[in-house]
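Trainee: To start, I am sharing the structure in question, which I have written as structure tokens.
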Amino acid sequence: MGGRETDMVLLDANGIRCDGRRVDEPRRIMIRAGVLHNANGSAYIEFGDNKIVAGVFGPRDVHPKHQSNAETGILRVRYHMQPYSVTERKRPAPSRREIEISKVIKEALLPAVMLERFPRTAVDVFVEILQADGGSRCAALDAAAVALADAGIPMRDMVSACAAGKVADTIVLDINNEEDQAGQADMPVAIMPNSGQVTLLQLDGVLTRDEYRKCIETGIAGCRLVYDIQKRALAERHFKGAGQ
Ligand code: ADP
């Protein structure tokens, strides 16, 4: 998180951000469900300049067998960045960051997925980041949740994610890569929109108590916008399916 010398660029006198958005305006979000033939479920998302595809397999046999659980199914998530997804070629081996993000995405999805119905099986979620531009874990989570629903995995609720943050001493919705690098705080949030339960909350940066509250509220408002787009993606998928 950077200093205040970049504030003029990040937020102008009219309250317009470096990419032309207002403080409460998300980037353009497009989600398509059922984009892959060979996965049980899939989704593609464009969240600003993030481009991400998620594929789901399962419930299926667990390999290696020792990972299986007689009481419940297990969820496995891999978040992976393509070498060309960022400006400097990313090395293909899994980085610590990718391992951490895989873990937080899994933990954010777990409360929603009814794995207890499928003991001794695994549900695998593979997320490929084709292009990253800040907020990729939230966008990946949004695509993964739609892919799980597209696979017909029983879910208690959808999972919807969006980050909020602080730039130029102002709380803003959905920070982009430039704001992430030069801004003051980044807070990815995910909720189960019907229950309201928060399933992901991270914070990189420093906020006062009031800013913290406002940042969570802003992130949750973003999640609700995402939820409408997720529902539409699934409805369009099923409509198309019925017509075929
Ligand atoms: P998130 O993508 O969830 O915001 P980070 O805050 O860790 O996660 O990363 C912010 C952004 O930094 C990413 O979206 C991406 O645009 C960029 N980034 C991440 N890893 C790399 C990397 N290895 N090389 C260059 N840019 C990267």
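The values are calculated or read from the model by the stated rules, or taken from the named source; none is laboratory data. Values in this document were obtained by computation on a predicted structure and should not be read as measured data. Counting neighbours? That spans all protein chains shown, and the Cβs are built from the backbone with ideal geometry, glycine included. What goes into the accessible areas is simple: the full protein's heavy atoms, side chains included, and nothing from ligands, DNA or RNA. Shrake-Rupley method; radii C 1.70, N 1.55, O 1.52, S 1.80 Å.
Trainee: List the residues, sorted by chain then number, that are 5 or more residues from THR121 or on another chain and whose placed amide H is less than 5 Å from its amide H.
Mentor: Here the answer is ASN69, GLY73, ILE74, since their amide H atoms fall under 5 Å of that of THR121.
Trainee: Separate question: Angle, helix 96-109 long axis vs. longest principal axis of the chain, Cα atoms, 0 to 90°, nearest 10?
Mentor: So the helix axis and the longest Cα principal axis differ by about 70 degrees.
Trainee: Now a separate question. Report in % the part of the accessible area of the range 4-243 that belongs to carbon and sulfur, leaving out ligands and nucleic acids; probe 1.4 Å.
Mentor: Within the range 4-243, the accessible surface is 51 percent carbon and sulfur.
Trainee: Efficiency by 1/(1 + (r/R0)^6): what FRET value for ARG224 and LEU130, r their Cβ-Cβ distance, R0 = 30 Å, to the nearest 0.05?
Mentor: 0.70
Trainee: Run the paramagnetic zone check for ASP49: 7 angstrom along Cα to Cβ, then residues of the range 171-196 with backbone nitrogen under 18 Å.
Mentor: Zone members listed by number: 174-183.
Trainee: Here is a follow-up. How do the peptides 102-111, 42-51, 70-79, 136-145 rank, highest first, by the average count of neighbouring beta carbon atoms within 10 Å per residue?
Mentor: Output ranking for 102-111, 42-51, 70-79, 136-145: 136-145, 42-51, 102-111, 70-79.
Trainee: Here is a further query. Can you show me the helix-derived [θ] at 222 nm for the chain, built from DSSP H runs with n ≥ 4 at -39,500 (n - 2.57) apiece and divided by the number of residues, rounded to the nearest 500.
Mentor: Value at 222 nm, helices only, nearest 500: -10000 deg cm²/dmol.
Trainee: Output ³J(HN,Hα) for the range 156-169: one whole-Hz value per residue in order, computed from phi by the Karplus curve 6.51 cos²θ - 1.76 cosθ + 1.60 with θ = phi - 60°, and x for Gly and Pro.
Mentor: Values per residue, Gly and Pro as x: 6, 6, 6, 10, 10, 10, 7, 9, 10, x, 10, 10, 6, 6 Hz.
Trainee: What does the charge add up to near PRO83, with Lys and Arg as +1, Asp and Glu as -1, over the other residues with Cβ less than 12 Å from its Cβ?
Mentor: Neighbourhood net charge equals +1.
Trainee: Related question: Can you tell me the relative contact order of the chain? Whole percent, Cα pairs under 8 Å, sequence separation 6 or more.
Mentor: Relative CO of the chain lands at 23 percent.
Trainee: Could you go through the range 14-19 in sequence order and give the Karplus-derived ³J(HN,Hα) for each residue, using 6.51 cos²θ - 1.76 cosθ + 1.60 with θ = phi - 60°, rounded to whole Hz, and x for Gly and Pro?
Mentor: 8, x, 9, 7, 4, 9
Trainee: Now for a different question. How much length is gained if the chain between LYS103 and ARG89 is pulled fully straight, taking 0.36 nm per residue apart and subtracting their Cα-Cα distance, in nm to one decimal?
Mentor: So the extension gain works out to 2.7 nm.
Trainee: Excluding residues on the same chain fewer than 8 positions from LYS65, give the lysines whose Cα lies under 26 Å from its Cα.
Mentor: Hits, sequence-local ones excluded: LYS103, LYS106.
Trainee: Here's another thing I want to ask about it. Picking from THR199, ALA182, VAL172, whose Cα lies most toward the positive end of the charge dipole for the range 172-225 (charges on Cβ: Lys, Arg +1; Asp, Glu -1)?
Mentor: THR199
Trainee: Name the most mobile residue of ASP157, ASP12, ASP124, meaning the one with the largest mean-square fluctuation, in a Gaussian network model of the chain with Cα contacts below 10 Å.
Mentor: ASP12
Trainee: List the lysines whose alpha-carbon lies under 17 Å from that of LYS51, not counting same-chain residues fewer than 8 positions away?
Mentor: Within reach: LYS90.
Trainee: Hey, can you find the accessible area per residue of the range 4-243 for me, probe 1.4 Å, expressed in square angstrom?
Mentor: Solvent-accessible surface per residue comes out at 49 Å².
Trainee: Now for a separate question. Once you put a point 7 Å from the Cα of ALA70 and another 7 Å from the Cα of ARG120, both along the Cβ direction, what distance in nm separates them?
Mentor: Taking the two extended label points, one gets 1.0 nm.
Trainee: Note the angle between two axes, namely the Cα long axis of helix 136-150 and the longest principal axis of the Cα atoms of the chain, as a number of degrees from 0 to 90, rounded to the nearest 10.
Mentor: It is inclined by approximately 30 degrees.
Trainee: Of the listed peptides 223-231, 165-173, what is their order by residue-averaged count of other C-beta atoms within 10 Å, with the highest listed first?
Mentor: The densest-packed peptide leads the list: 165-173, 223-231.
Trainee: Magnitude of the Cβ-charge dipole of the range 4-243, K/R +1 and D/E -1, about the Cα centre, nearest 20 debye?
Mentor: For this selection, approximately 900 debye.
Trainee: Then there is this: Return the inverse of the average 1/r over all pairs of distinct C-alpha atoms in the range 4-243, which is the Kirkwood hydrodynamic radius, in Å to one decimal.
Mentor: When all Cα pairs of the range 4-243 are included, the Kirkwood radius is 18.2 Å.
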